[in-house]
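**Q** This is the structure I have questions about; it appears just below.
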Amino acid sequence: RRFPLVKLELVEESTARLETLLRSGAIDLVMDNCELDQEVFDRHVFRKEYLLLAVPGSFPVNESLKAYQIPAEAIQSQSFLRKEVEAVPLAVFQKEPFLVLKPENDTRQRAMELCSRCGFQPEILFELDQQMTSYNITCSGMGISFISDTLAAKVPATSQVVYYKLEGSGCSRNLYFYWKRGRYFSRAMQEFLELSVSVK
């Protein structure tokens, strides 16, 4: 509304593809949680985000884990980060089906590391490109997904999904805006970044 002449085009691609598009100048900004080459790209931290476990509400394993379940309001307020909120023992899900992202994705790499530390390799039902897709399939009752609190805080609350806190250094990361270093930084890009700070 403030800038009616500025038109936004949203491009959803893998990190590798987005990096290529940003490097070539085909797009202005990339929002991602990966670490891009800081000799090529400048960046701005949008926010710190945390990985959560999203489990279909219909899975029987939830019955014995009620003490660990996080309500949607606690995700929105980030009160689930308090020390008194316990992380779920991830190993209890080792026989359940998981939905993971493609191998090059940061969320996938962190998820596999978390499972490995708990002594198991997840039973992978699907490998997907987008976190939102994995979340939607979790909503349908097919498998467990690792999602960020950024996503969980924005989707409509539903009884079809149960959330759990995870523990470990790999559960938190920065979400960045990236742009190509040395490229003209337009007024529209500057205003977009400033607006993003006010709505995070």
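**Q** Can you give me the solvent accessible area of Ile27 with a 1.4 Å probe, rounded to the nearest 10 Å²?
**A** Roll a 1.4 Å probe over it and Ile27 shows about 30 Å².
**Q** Run through region 87-177 and list the trypsin sites (Lys or Arg not before Pro) located in a DSSP loop whose Cβ has at most 11 other Cβ atoms within 10 Å. Numbers along the way, then the final one.
**A** Values: sites: Lys95, Arg108, Arg110, Arg117, Lys154, Lys165, Arg173; in loops: Lys95, Lys154.
Listed in order of number, the matching sites are Lys95, Lys154.
**Q** First compute the accessible area of region 30-172 with a 1.4 Å probe, then give the percent of it belonging to carbon and sulfur atoms. Walk me through the numbers before you get to the answer.
**A** Numbers: 3460 of 7080 Å².
Here it works out to 49 percent.
**Q** Right, another one. Could you tell me the relative contact order of the chain? Use alpha-carbon pairs under 8 Å, at least six residues apart, and round to a whole percent. Don't jump to the answer; show the numbers that get you there.
**A** Values: 293 pairs, mean separation 79.5, N = 200.
Computed value for the chain: 40 percent relative contact order.
**Q** Express the accessible area of the chain per residue in Å², computed with a 1.4 Å probe while the remaining protein chains stay in the model.
**A** Numbers: 11350 Å² over 200 residues.
Per-residue accessible area for the chain comes out at 57 Å².
**Q** A follow-up question, please. Among Ala91, Leu125, Pro103, pick out the residue whose Cα is farthest towards the positive end of the charge dipole of region 36-140, where Lys and Arg carry +1 and Asp and Glu carry -1 on C-beta, about the Cα centre.
**A** Result: Ala91.
**Q** I've got another one for you. Mind checking which of Ser79, Met112, Ile137 is farthest towards the positive end of region 65-152's charge dipole, using Cβ charges of +1 (Lys, Arg) and -1 (Asp, Glu) about the Cα centre?
**A** Working it through, the farthest residue towards the positive pole turns out to be Ser79.
**Q** So, one more: Solvent-accessible area of Met142, probe 1.4 Å, all protein chains present, reported in Å² to the nearest ten, please.
**A** My reading of the accessible area for Met142 is about 90 Å².
**Q** Where both partners of a DSSP beta bridge lie in the chain, what percent of those bridges are antiparallel, to the nearest 5?
**A** Bridges in the chain are about 75 percent antiparallel.
**Q** Which lysines, on any chain, are close to Lys48 with Cα under 23 Å apart, when same-chain ones fewer than 8 places away are left out?
**A** Lys83, Lys102, Lys154, Lys165, Lys180, Lys200
**Q** Here is a follow-up. Please compute, over every Cα-Cα pair in region 53-200, the percentage with a separation greater than 22 angstrom.
**A** 44 percent
**Q** While we're here: Stretched out fully, how many nm does the piece from Leu193 to Asn174 gain, at 0.36 nm a residue minus the Cα gap? If you can, show how the numbers build up before the last one.
**A** Values: separation 19, 0.36 × 19 = 6.84 nm, distance 1.56 nm.
Full extension of this stretch gives 5.3 nm more.
**Q** Which value in nm describes the separation of the simple spin-label points at Arg47 and Asp129, placed 7 Å from the Cα toward the beta carbon?
**A** It is 2.5 nm.
**Q** Here's something else I'd like to know. Would you rank Lys102, Lys66, Lys7 by solvent-accessible area, highest first, keeping every protein chain in place and using a 1.4 Å probe?
**A** Lys7, Lys66, Lys102
**Q** With charges set only on the Cβ (+1 for Lys and Arg, -1 for Asp and Glu), what does the dipole of the chain come to about its Cα centre, in debye to the nearest 20? The partial results should precede the final answer.
**A** Working: 24 positive and 26 negative charges, 108 e Å.
In total the dipole reaches around 520 debye.
**Q** Among Ala26, Val45, Leu8, whose Cα projects farthest towards the positive end of the dipole of region 1-65, with charges put on the beta-carbon of Lys, Arg (+1) and Asp, Glu (-1)?
**A** The residue sitting most towards the positive pole is Leu8.
The values are calculated or read from the model by the stated rules, or taken from the named source; none is laboratory data. Computed from a prediction, not measured in an experiment: that's the story for all the values here. As a convention, Cβ positions derive from the backbone with ideal geometry for all residues, glycine included, and neighbour counts pool all protein chains shown. In case anyone asks, the SASA skips ligands and DNA or RNA and just uses the protein heavy atoms, side chains included. Shrake-Rupley method; radii C 1.70, N 1.55, O 1.52, S 1.80 Å.
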